[in-house]
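Remarks on the structure that follows.
The values are calculated or read from the model by the stated rules, or taken from the named source; none is laboratory data. Note that the structure is a prediction, hence the values are computed from the model and not measured. Virtual Cβ from ideal backbone geometry, glycine too; neighbours counted across all protein chains shown.
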Amino acid sequence: MDTTVNNLLLSLETEIKSFKEKENERLQSYEKRLKNLEDGYDLAVKRPFTSTEIHEDCHYKKQLKSYLKKGSTNSIEIKSNGFPLADTLINSIHEHMKKLSPIRQLASVNMISTDCITYISNGDALEAQWVSEDEISNSNAKEHIITTEINTYELYTQPKTTQKVLDDPSINVERWLIEQAALAFTQLENETFITGDGKNKPHGILQHNTDSTGTQICKITSKEKDRITPEDLLNLYYSLQREFSVNGTFLMHSASIQLIRGLKYEQTGHYMFQPGISVGQPDTLMGIPVTECSEMPIIPTSDKSQGSAKKYPIIFGDFKRGYQIVDRSEMRVLRDPYSAKPYVSFYITKRVGAKVINPKAFVLLEMKS
């Protein structure tokens with residue numbers, strides 16, 4: 001009896017050992033195949049590109065560098081409006097502009113290949129309906145299409161330097177040009193995106209009148225002439241529809257932020273404004289992000305240059321859904337060593353358009369007259 005049991009145990013032990021060996025071999029095979037796949041992926045990622053596109057890109061950079069430094073036009077066609085910038089350079093300029101522009105950070109920004117574009121929205125008339133599997137959907141439901149045409153306008157900047165600086169091999173002229181263009185364009189755009197009147201320039205948010213349906217941006221009047229109260233901020237917040245306020249942002253001048261920092265909730269006595277504690281965390285007002293914009297009117301204001309727009313020191317809204325910026329996918333640079341001797345000028349042009357595409361996405365605080 002004991003011999004039989006021992007034989008069974010030995011047989012079972014042998015089978016288990018054999019099973020483990022087979023499973024280990026199969027597992028090692030899988031691991032080897034996985035390692036080969038990972039090595040192949042790493043090799044593909046690290047392998048330097050040798051495509052025609054990369055060769056052409058290097059050739060273009062040499063041409064651009066030669067043109068910027070020496071004005072050389074060998075093997076390239078320079079039109080009267082300048083040297084065309086590559087998409088990579090245009091994207092770099094726009095990336096720099098986004099870092100400098102609060103509106104570009106908040107709004108919707110698209111690139112287009114034409115001088116104008118028409119945005120189409122269904123507005124509040126777009127509906128969803130319940131329908132059974134055997135029921136024919138109602139194709140006669142009301143439709144209300146809202147169209148917004150956005151034209152692009154040309155702007156330019158003309159940074160200057162000396163030929164001595166251009167001849168210095170340690171100077172990255174390409175990077176210098178990108179930074180100078182981005183800074184100049186952003187300074188002009190920021191003001192226009194707020195107060196632009198649409199005359200040879202984009203439409204600013206504060207200058208919006210009505211859309212194609214006659215809808216205007218909602219305005220909330222402050223309780224007092226020269227200061228903002230907690231009640232004003234609460235009224236501003238609750239005047240915006242929930243679908244927009246959930247992604248809303250307060251936009252105001254730094255001087256206005258300073259004035260509202262001391263405001264408290266009447267019921268609790270807690271401060272309504274809370275500064276961002278960690279890096280990258282925004283300041284908040286009633287728990288809502290606050291963005292600083294130096295082009296916004298100040299409270300109180302005596303600045304006459306902003307016209308009627310000066311009455312609106314705070315914008316609250318969903319900028320992504322309410323304001324559209326379009327950039328023309330083309331920029332040019334024209335080297336001019338003659339007009340401003342002894343300096344070399346670089347005439348850079350771009351086209352941009354912007355407009356409010358959904359007035360309901362915003363609400364303005366209007367100072368009492």
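Restricting to region 328-355, name every residue that is more than 28 Å from I194 (Cβ to Cβ), hydroxyl-bearing (S, T, Y) and in a loop (DSSP other than H, G, I, E, B).
Of everything in region 328-355, those that are more than 28 Å from I194 (Cβ to Cβ), hydroxyl-bearing (S, T, Y) and in a loop (DSSP other than H, G, I, E, B) turn out to be Y338, S339.
Does region 217-239 include one or more residues that are closer than 14 Å to I288 by Cβ, free of Cβ contacts under 8 Å to residues at least 24 places away in the same chain and of a type outside the set (S, T, N, Q)?
Yes, region 217-239 has at least one match.
Looking only at region 246-258, filter to residues that are among the small types (G, A, S) and surrounded by fewer than 19 Cβ atoms within 10 Å (Cβ to Cβ); which one of those is farthest from the chain's Cα centre (by Cα)? Can you show your working first?
Looking only at region 246-258, we keep the residues that are among the small types (G, A, S), and these are 248, 254-256.
Right, trim to surrounded by fewer than 19 Cβ atoms within 10 Å (Cβ to Cβ) and you get 254-255.
Details: S254: 21, A255: 25 Å.
Among residues in region 246-258 that are among the small types (G, A, S) and surrounded by fewer than 19 Cβ atoms within 10 Å (Cβ to Cβ), the one farthest from the chain's Cα centre (by Cα) is A255.
In region 201-223, how many residues are within 20 Å of Y237 (Cα to Cα) and surrounded by fewer than 16 Cβ atoms within 10 Å (Cβ to Cβ)?
4
Check whether at least one residue in region 5-14 is modelled with pLDDT under 80, loosely packed, with under 10 Cβ neighbours inside 10 Å and not assigned by TED's automatic domain parsing to the domain that holds P169, and report yes or no.
Yes, some residue in region 5-14 is modelled with pLDDT under 80, loosely packed, with under 10 Cβ neighbours inside 10 Å and not assigned by TED's automatic domain parsing to the domain that holds P169.
If only one of S139, S121, S132, S108 is modelled with pLDDT under 90, surrounded by 13 or more Cβ atoms within 10 Å (Cβ to Cβ) and of a type in the set (G, A, S), which one is it? Spell out how you get there, then give the answer.
Values: S139 fails: surrounded by 13 or more Cβ atoms within 10 Å (Cβ to Cβ); S132 fails: surrounded by 13 or more Cβ atoms within 10 Å (Cβ to Cβ); S108 fails: modelled with pLDDT under 90.
Answer to the check: S121.
Within region 152-179, can you find the residues that are more than 16 Å from D336 (Cα to Cα) and in contact with a strand residue (DSSP E or B) (Cβ under 8 Å, 6 or more places away or on another chain)?
Correct list: T152, Y153, E154, L155, W176.
Rundown of residues vs (1) more than 23 Å from A361 (Cα to Cα); (2) modelled with pLDDT under 95, yes/no style:
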{"site": "K160", "(1), (2)": "yes, no"}
{"site": "Q180", "(1), (2)": "yes, no"}
{"site": "L183", "(1), (2)": "yes, no"}
{"site": "L188", "(1), (2)": "yes, no"}
{"site": "I194", "(1), (2)": "no, no"}
{"site": "K199", "(1), (2)": "yes, yes"}
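Can you find a residue in region 151-170 that is in a helix (DSSP H, G or I), in contact (Cβ under 8 Å) with a residue 24 or more places away in the chain, under 21 Å from the mean Cα position of the chain (by Cα) and surrounded by 14 or more Cβ atoms within 10 Å (Cβ to Cβ)? Show your work before the answer.
Applying the first criterion (in a helix (DSSP H, G or I)) to region 151-170 yields 163-167.
Adding the requirement that they be in contact (Cβ under 8 Å) with a residue 24 or more places away in the chain leaves 163, 166-167.
Pick out the ones that are also under 21 Å from the mean Cα position of the chain (by Cα) and you get none.
Taking every residue of region 151-170 in turn, none turns out to be in a helix (DSSP H, G or I), in contact (Cβ under 8 Å) with a residue 24 or more places away in the chain, under 21 Å from the mean Cα position of the chain (by Cα) and surrounded by 14 or more Cβ atoms within 10 Å (Cβ to Cβ).
Report yes if T186 is closer than 30 Å to Y67 by Cβ and of a type in the set (V, I, T), otherwise no.
Working: closer than 30 Å to Y67 by Cβ: yes; of a type in the set (V, I, T): yes.
Answer is yes for this residue.
What residue, of Y323, Y347, is of a type in the set (F, W, Y) and either touching a Cys at 6+ places or on another chain (Cβ under 7 Å) or over 17 Å from E174 (Cα atoms) (or both)?
Working: Y347 fails: either touching a Cys at 6+ places or on another chain (Cβ under 7 Å) or over 17 Å from E174 (Cα atoms) (or both).
Step by step, each of Y323, Y347 is checked, and only Y323 is of a type in the set (F, W, Y) and either touching a Cys at 6+ places or on another chain (Cβ under 7 Å) or over 17 Å from E174 (Cα atoms) (or both).
Could you please let me know if T284 is more than 25 Å from the chain's Cα centre (by Cα) and free of Cβ contacts under 8 Å to residues at least 60 places away in the same chain?
Numbers: more than 25 Å from the chain's Cα centre (by Cα): no; free of Cβ contacts under 8 Å to residues at least 60 places away in the same chain: yes.
In short, no.
Please find, within region 264-285, the residue that is surrounded by the fewest Cβ atoms within 10 Å (Cβ to Cβ) out of those that are at pLDDT below 95 and aliphatic (A, V, I, L, M).
Per the stated criteria, the residue is V279.
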